[in-house]
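Below you'll find the structure, written out as structure tokens, and then a few comments.
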Amino acid sequence: MLIQQVELFLIEQQLRIPFKTSYGLYENRETIIVKLTDASGTVGFGEVVAFSEPWYTAETIQTSLHILQDFLIPTILNKVFTHPSEVAETLNIFKGNPMAKAGIEGAYWDLFSKKKDISLAKALGGMKEEIPVGVVVSMNEPEVMLQQIERFQIEGYERFKIKVSKQNDYEVISKIRDKFPTISLMIDANSDYTLNDIEQLKRLDQFKLLMIEQPFGDRDFMDHAILQKEIATPICLDESIYSLEDVEIAFALQACKIITIKPGRVGGLTESLKIHDYCVENNMPVWVGGMIETGISRIQNVALASLAGFTIPGDISASSRHWEQDIIYPEVKLENGKVKVPNGVGLGITVNEERIKNLSKKVFKF
Ligand code: OSB
Ligand code: MG
């Protein structure tokens with residue numbers, strides 16, 4: 001398909017509930033929606049999931065806009081590609097900036113599967129018709145967190161990820177475990193600890209956590225390897241994983257026992273598939289993370305999570321978890337505790353372009 005037109009929509013929405021992590025507070029979510037049009041007028045949608053601030057990764061909304069406008073879009077515009085992996089390969093002449101790349105590549109996967117007349121899930125090799133999902137509980141007063149878990153449990157979520165910091169970990173988790181002794185519980189520290197905190201981290205083993213996500217900094221592979229030898233709780237790497245090579249390093253060093261994939265963080269769905277396959281071959285459990293994204297990226301994650309190797313419920317909560325109204329319909333929702341994998345062509349949902357236009361702060365056309 002020839003990429004005839006690229007449009008970028010910089011939108012902003014308020015989160016239904018402010019989301020607090022050890023990095024800081026997320027209240028408004030800016031995001032960039034990518035729309036590709038081929039020569040026959042078929043369109044594909046993707047999303048650049050970078051945040052406004054460089055807390056989670058170095059990339060931001062503004063750096064993504066720069067890289068997209070000045071490098072990525074000029075490189076793919078009016079070019080013919082036969083498969084999304086060629087788009088990924090072409091964009092990789094530029095270093096870094098995985099989220100900007102993934103926005104384009106994801107939109108091309110949508111376009112590609114529409115042209116093939118199949119669902120994105122099928123194009124990726126997915127098999128599941130519905131997927132069990134988990135939800136993230138943001139940092140808050142313990143009482144509020146307990147109430148949220150109770151509500152999320154009623155909604156059908158099967159795995160609960162608690163945002164913690166080294167200031168509140170023990171207090172929060174012990175209160176949650178007291179009230180919910182058997183739920184599938186994990187924590188995400190977003191790099192809040194260092195090797196000096198090993199004794200504190202060892203105390204968390206008693207809570208039988210499914211995993212602890214990213215205790216240390218993104219490049220601290222060696223320190224994670226030291227910690228993993230000292231604690232029983234499996235470490236899951238999130239921020240550390242930008243590519244398959246990072247997974248290979250983590251595996252070789254035994255720096256973790258679990259991997260979470262976010263297509264944006266690793267440069268797109270092509271790289272996500274490589275990581276999925278590597279994890280399956282090496283018996284490393286793998287799951288799909290979340291980026292407080294709109295339904296476009298969320299439903300792309302649903303398609304990815306339909307692959308057989310994703311054995312742990314992902315951070316793929318319903319549209320209503322973060323949004324008053326999503327930009328797709330039907331919205332992402334839980335039915336009997338599961339999210340259905342769409343079987344329509346491409347993403348298998350309708351993008352609400354009118355709403356995207358209304359939410360746009362800036363629109364770029366190439
Ligand atoms: O580490 O997974 C993370 C949100 C902001 C920054 C980092 C992370 C998160 C999430 C997102 O946990 C959860 C979601 O998308 O619902
Ligand atoms: Mg995380």
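A compact table of results
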quantity	calculated
Which numbered condition residue 292 misses (of (1) closer than 19 Å to residue 85 by Cα; (2) touching a strand residue (DSSP E or B) at 6+ places or on another chain (Cβ under 9 Å); (3) part of a loop (DSSP other than H, G, I, E, B))	(1)
Verdict on residue 249 being more than 19 Å from residue 91 (Cα to Cα), of a type outside the set (Asp, Glu) and not in a helix (DSSP H, G or I)	no
Residue satisfying all of: in the range 235-249; away from ligand 1 (no atom under 16 Å from the Cβ) and touching a residue at least 24 places away in the same chain (Cβ under 8 Å); farthest from residue 268 (Cα to Cα) among these	249
Unique match (being touching a strand residue (DSSP E or B) at 6+ places or on another chain (Cβ under 9 Å), among the polar types (S, T, N, Q) and farther than 29 Å from residue 318 by Cβ) among 28, 78	78
Residue match in the range 228-236 (condition: at pLDDT 95 or above, closer than 27 Å to residue 263 by Cβ, crowded, with 18+ Cβ neighbours inside 10 Å and away from ligand 2 (no atom under 16 Å from the Cβ))	yes
Inter-residue pairs, beta-carbon under 7 Å, first assigned to a helix (DSSP H, G or I) and in the range 339-359, second buried (at least 18 other Cβ atoms within 10 Å of the Cβ), 6+ apart	355/327; 356/9; 356/11; 356/33; 356/327; 359/11; 359/13
Tally, over the range 173-220, of residues that are within 25 Å of residue 314 (Cβ to Cβ), more than 16 Å from ligand 2 (Cβ to nearest atom) and surrounded by fewer than 20 Cβ atoms within 10 Å (Cβ to Cβ)	10
Pair list, Cβ under 7 Å, 6 or more apart: the range 206-233 residue more than 23 Å from residue 136 (Cα to Cα), other residue away from ligand 1 (no atom under 15 Å from the Cβ) and modelled with pLDDT under 95	none
When residues of the range 81-137 are limited to those that are in contact with a strand residue (DSSP E or B) (Cβ under 6 Å, 6 or more places away or on another chain) and under 30 Å from residue 153 (Cα atoms), the one surrounded by the most Cβ atoms within 10 Å (Cβ to Cβ)	120
The range 252-284 - residue that is in contact with a Phe, Trp or Tyr (Cβ under 7 Å, 6 or more places away or on another chain) and outside any helix (DSSP H, G or I) and, of those, nearest to ligand 1 (Cβ to nearest atom)	260
Matching residues in the range 26-78 - criterion: being assigned to a loop (DSSP other than H, G, I, E, B), within 14 Å of residue 105 (Cα to Cα) and either β-branched (Val, Ile, Thr) or within 16 Å of the chain's Cα centre (by Cα) (or both)	49
Test result for residue 162, under 25 Å from residue 302 (Cα atoms), without any contact (Cβ under 8 Å) to a residue 24 or more places away in the chain and among the β-branched types (Val, Ile, Thr)	no
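The values are calculated or read from the model by the stated rules, or taken from the named source; none is laboratory data. This is a predicted model, so every value here is computed, not measured. As a convention, Cβ positions derive from the backbone with ideal geometry for all residues, glycine included, and neighbour counts pool all protein chains shown.
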